[in-house]
Amino acid sequence: MGNANGELDNELVQAHAHVLNHVFIFISSMSLKCALDLGIPDIIQNHGKPMTITELVDAQPMLNSTKACNIYRLMRILAHSGFFAHQKLDGDAQKEGYVLTNSSRLLLKNNTLSITPTLKAAIDPIFTKPWNFLGAWFQNDDRTPFETAHGKILWDYCSQDPQLSDLFNESQACDSRLVTSFLVDKCKGVFEGLNSLVDVGGGIGIVGKAIADVFPHLECTVFDLPHVVAGLQGSKNLKYVGGDMFKTFPTADAILLKMVLHDWNDEECVTILKRCKEAISSRDNVGGKVIIIEMVLREDDDQVFKSSETKLFFDMEMLVLVNGKERLEEEWNKLFLAAGFSHYKITPIVGLKSLIEVYP
């Protein structure tokens, strides 16, 4: 298959490697889950210095002795993926131990910004099974591959399975903690002049609580499905209300939608946005607005952090689980105009997320 300079052979080898890397890409996430199941990030953190394989094995007395010899293989792939790093041992330049990286620190149990729940939810069999039905879904009339796999849509499944609902809500909450840490610190001006705010689809209230704490004069309402907010306790300027956002929700100076609209198709988003416009218009507040925290797809996304690839992964996840999508700015613009809004402003805030302020 080669030619005089071997270019064709080289292209074939590269193509072969490219395909295989994507065939086995799941191994990275499953190996990471294994490390969490074994508590490896926290063991290394508590050790306080570079940790050798022998020390790592000795720190886990529950390991099967005949299998402990394979721990080095797990650590090898995770170090290759950037979750652990090698570092020389003090006093012995010939030996190395494993240390955490910035990525693995985000998986520590005591890290308030831990994204472990997101990992556990994303690779839970209930969420991965629908991917096996994606091809079949393209040929049937089901709303989502999730429905093809499980016989019901995600929201109905969660309402009937408290354990799955908790897993899903906690994965959303850990994302909210990261966004909130930036939102209340760097974007305080967004909330100036507001006296009331409704966090629609606010889950267990991570964002709502943070805003209520920073702005004690602001009356905050967390609005979500009844089974999501059932039993949750509010505070002086924070309350929980259950209901259906496609019908109506409490009025306020501002409506907050954090990672809500990407769960729905364009027609459903227009319906939600119209309900938002009604909720702020009914207050006769000239300064009313809708505050949206979502991804905005761009052609020039930063390749250093592979943000384009990550956003495309999220887009496919929305397709498979809920028939939603991530959107380009022009797609957002069409939604706002269709819902009767006049203008908007987009501000990148943290990581993959942008803040979109939409005005009547």
| note | Assertion target for Val207, Val99, Val290, ordered by fewest C-beta neighbours within 10 angstrom first, is Val99, Val290, Val207
| note | Per-residue Cβ contact counts at 10 Å, fewest first, order Arg327, Arg298 as Arg298, Arg327
| What does the charge dipole of the chain about its Cα centre add up to, to the nearest 20 debye, if the Cβ of each Lys and Arg holds +1 and the Cβ of each Asp and Glu holds -1? | 860 debye
| request: Output the peptides 33-41, 329-337 sorted from most to least packed, where packing is the average of other Cβ atoms within 10 Å over each peptide's residues. | output: 33-41, 329-337
| query | Roughly how many whole Å is it from the C-alpha centroid of segment 149-225 to that of segment 9-57? | reply | 32 Å
| said: Ranking request for peptides 241-248, 82-89: highest mean number of other beta-carbon atoms within 10 Å first, then the rest in descending order. | reply: 82-89, 241-248
| remark: Which of [x] 19.7, 60; [y] 21.5, 76; [z] 23.6, 78 gives Rg and Dmax of the Cα atoms in Å as computed here? It is [z]
| request: Quote the FRET efficiency, to the nearest 0.05, computed for Ser235 versus Ile349 with a Förster distance R0 of 30 Å and r equal to the Cβ-Cβ distance. | output: 0.75
| field | Table column - 3J(HN,Hα) (Hz), segment 262-278, Karplus curve with 6.51, -1.76, 1.60, x for Gly and Pro | value | 6, 7, 10, 6, 4, 4, 5, 5, 4, 4, 4, 5, 5, 4, 4, 4, 5
| query | For the chain, what is the calculated [θ] at 222 nm in deg cm²/dmol (nearest 500), taking -39500 (n - 2.57) for each run of four or more DSSP H residues and dividing by its residue count? | reply | -13500 deg cm²/dmol
| said: For a 32 Å ceiling on Cα separation, which of these pairs sit above it: Lys67/Lys325; Lys188/Lys239; Lys120/Lys236? | reply: Lys67/Lys325; Lys120/Lys236
| remark: Scoring only Lys, Arg, Asp and Glu (+1, +1, -1, -1) among other residues with Cβ under 15 Å from the Cβ of His80 yields +1
| query | So what are the ³J(HN,Hα) numbers for segment 177-188, from phi and the Karplus equation (6.51, -1.76, 1.60; θ = phi - 60°), rounded to whole Hz, Gly and Pro as x? | reply | 5, 5, 4, 5, 4, 8, 4, 7, 9, 9, 10, 4
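Values in this text are rule-based calculations from the coordinates and carry no lab data. This one's a predicted model, so the numbers in the text were calculated from it and none came from an experiment. So basically every Cβ, Gly included, is an ideal-geometry build from the backbone, and we count neighbours across all protein chains shown.
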